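One structure is given here, and the rest of the page talks about it.
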Ligand SMILES: [Zn+2]
């Protein structure tokens with residue numbers, strides 16, 4: 001384990017790494033016993049004890065008796081996320097809804113508010129002012145003394161992660177908007193604001209605690225007005241050279257197709273986005289897009305042929321693009337989220353038919369198609385993961401709480417030898433988003 005010659009700096013770094021590993025296990029898997037933590041981390045029991053005490057002193061975890069006391073011997077206590085520990089504020093700015101939620105360690109939504117609204121372009125200032133109003137209710141649920149670590153924001157567009165700058169969000173009508181800065185000003189919480197693309201964040205959440213858990217090659221397609229993908233290959237989420245990878249909605253699938261908001265023509269999303277679904281159903285696209293989709297879903301449930309035909313057409317176009325993704329990335333699972341989770345039962349047969357027709361049979365046989373398992377909140381929960389990432393990467397950024405009665409720390413560990421260092425910007429978040 002630790003070499004005897006390791007300096008204090010190295011020891012502190014190793015300890016931070018171990019604290020990070022334990023906190024991540026608890027964040028992802030929920031309550032675990034010390035022996036579970038020992039077997040998952042490969043650390044010995046006394047080290048685990050000291051690390052758990054450290055995380056508890058920072059208010060991140062709490063030990064509690066197990067719920068099930070059956071079985072021989074004294075039940076081993078469980079280490080769980082602290083119920084009134086620090087939280088993050090997760091925000092989802094979608095074309096037809098705005099959501100804000102307080103999310104605790106372990107990914108539990110503690111309090112949330114979401115407003116649905118007609119689709120349409122909104123001035124960024126207006127949007128963040130609306131967020132300020134919407135976030136009041138969830139923020140009012142904070143316990144006395146409970147802290148917010150960071151804000152995570154999901155945006156349907158191209159985002160530069162380092163500083164939360166939106167280069168282009170075609171379906172919001174945004175270009176070159178410093179959204180992290182605007183959100184920070186509107187909320188005045190004095191914590192870092194991290195911004196990510198909605199499909200990337202939905203993928204992050206699904207890979208952490210949804211349909212992609214434990215899979216090294218996983219794709220999540222996220223559709224609303226537009227569509228995008230998050231691609232996990234070899235266990236890492238692909239970012240591209242500047243972080244813009246996964247914009248599969250703008251692959252040309254129909255060279256003679258319709259003009260796209262991005263400036264090109266015949267992009268995949270012009271055949272499979274919300275507007276396309278409404279168009280294929282022969283309805284005029286109004287501005288109440290979600291209501292139109294709800295109506296179409298109701299018609300499909302009633303067995304209306306036009307609704308089924310529209311779903312099948314979107315399913316065929318989805319299948320054409322997905323077949324290409326299967327051949328390129330050879331994923332084991334593809335999860336469909338957002339609009340596609342809602343219409344999944346109606347588009348699935350046509351998608352599978354196209355996959356059988358077009359994808360290479362070797363890769364086709366290995367892939368499973370599923371709806372996302374976190375439902376409509378996948379992107380919101382991904383925004384929470386983004387906001388938690390720096391703390392999970394280095395739990396010592398959370399200060400220790402003053403505790404009056406505590407047993408002394410076990411001898412021979414680095415407890416108390418390292419300083420609490422403030423979090424230093426977004427670089428760490430980027431390295432730990434998968
Ligand atoms: Zn496009």
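The values are calculated or read from the model by the stated rules, or taken from the named source; none is laboratory data. This one's a predicted model, so the numbers in the text were calculated from it and none came from an experiment. Methodologically, a virtual Cβ is constructed for each residue, glycine included, from the backbone with ideal geometry; neighbour enumeration extends over all protein chains shown.
Out of region 252-283, which residues are in a loop (DSSP other than H, G, I, E, B) and away from the ligand (no atom under 15 Å from the Cβ)?
Within region 252-283, 281, 282, 283 meet the criteria.
Mind checking whether some residue in region 340-347 is under 29 Å from residue 93 (Cα atoms), within 25 Å of the chain's Cα centre (by Cα), at pLDDT 95 or above and surrounded by fewer than 16 Cβ atoms within 10 Å (Cβ to Cβ)?
So far as region 340-347 goes, yes, one or more of its residues are under 29 Å from residue 93 (Cα atoms), within 25 Å of the chain's Cα centre (by Cα), at pLDDT 95 or above and surrounded by fewer than 16 Cβ atoms within 10 Å (Cβ to Cβ).
Suppose we keep only residues that are part of a strand (DSSP E or B) and in contact (Cβ under 8 Å) with a residue 60 or more places away in the chain within region 94-111. Which one would you say is nearest to residue 143 (Cα to Cα)?
If we take residues in region 94-111 being part of a strand (DSSP E or B) and in contact (Cβ under 8 Å) with a residue 60 or more places away in the chain, then 103 is nearest to residue 143 (Cα to Cα).
What about residue 188, is it outside the structural domain of residue 290 (by TED's automatic domain parsing) and out of contact with any helix residue (DSSP H, G or I) (no Cβ under 8 Å at 6 or more places or on another chain)?
Yes: the conditions hold for residue 188.
Consider residue 246 against the criteria (1) surrounded by fewer than 17 Cβ atoms within 10 Å (Cβ to Cβ); (2) on the phi > 0 side of the Ramachandran plot: it satisfies all of them except one. Which criterion is unmet?
Checking residue 246 against (1) surrounded by fewer than 17 Cβ atoms within 10 Å (Cβ to Cβ); (2) on the phi > 0 side of the Ramachandran plot, the one that fails is (1).
Is it true that some residue in region 231-242 is assigned to a loop (DSSP other than H, G, I, E, B), within 15 Å of the ligand (Cβ to nearest atom) and touching a residue at least 60 places away in the same chain (Cβ under 8 Å)?
no
All but one of (1) in contact (Cβ under 8 Å) with a residue 40 or more places away in the chain; (2) more than 27 Å from residue 230 (Cβ to Cβ) hold for residue 307, so report the exception by its number.
(1)
Considering 166, 87, which residue is out of contact with any helix residue (DSSP H, G or I) (no Cβ under 6 Å at 6 or more places or on another chain) and surrounded by 18 or more Cβ atoms within 10 Å (Cβ to Cβ)?
87
If you go through region 138-190, how many residues are on the phi > 0 side of the Ramachandran plot and more than 18 Å from the chain's Cα centre (by Cα)?
The total comes to 5.
Out of 420, 415, 411, 434, which single residue is modelled with pLDDT under 95, in a loop (DSSP other than H, G, I, E, B) and within 21 Å of the chain's Cα centre (by Cα)?
Of 420, 415, 411, 434, the one residue that is modelled with pLDDT under 95, in a loop (DSSP other than H, G, I, E, B) and within 21 Å of the chain's Cα centre (by Cα) is 434.
Given the structure, is residue 173 within 16 Å of the ligand (Cβ to nearest atom), in contact (Cβ under 8 Å) with a residue 24 or more places away in the chain, surrounded by fewer than 21 Cβ atoms within 10 Å (Cβ to Cβ) and farther than 30 Å from residue 55 by Cα?
Yes: the conditions hold for residue 173.
Looking at (1) more than 15 Å from the chain's Cα centre (by Cα); (2) within 17 Å of residue 156 (Cα to Cα); (3) away from the ligand (no atom under 16 Å from the Cβ), which is the one condition that is false for residue 249?
Of the numbered conditions (1) more than 15 Å from the chain's Cα centre (by Cα); (2) within 17 Å of residue 156 (Cα to Cα); (3) away from the ligand (no atom under 16 Å from the Cβ), the odd one out for residue 249 is (3).
Quick test for you: out of 321, 303, pick the one residue that is in contact with a strand residue (DSSP E or B) (Cβ under 9 Å, 6 or more places away or on another chain) and more than 16 Å from residue 278 (Cα to Cα).
None of the other options fit; the residue is 321.
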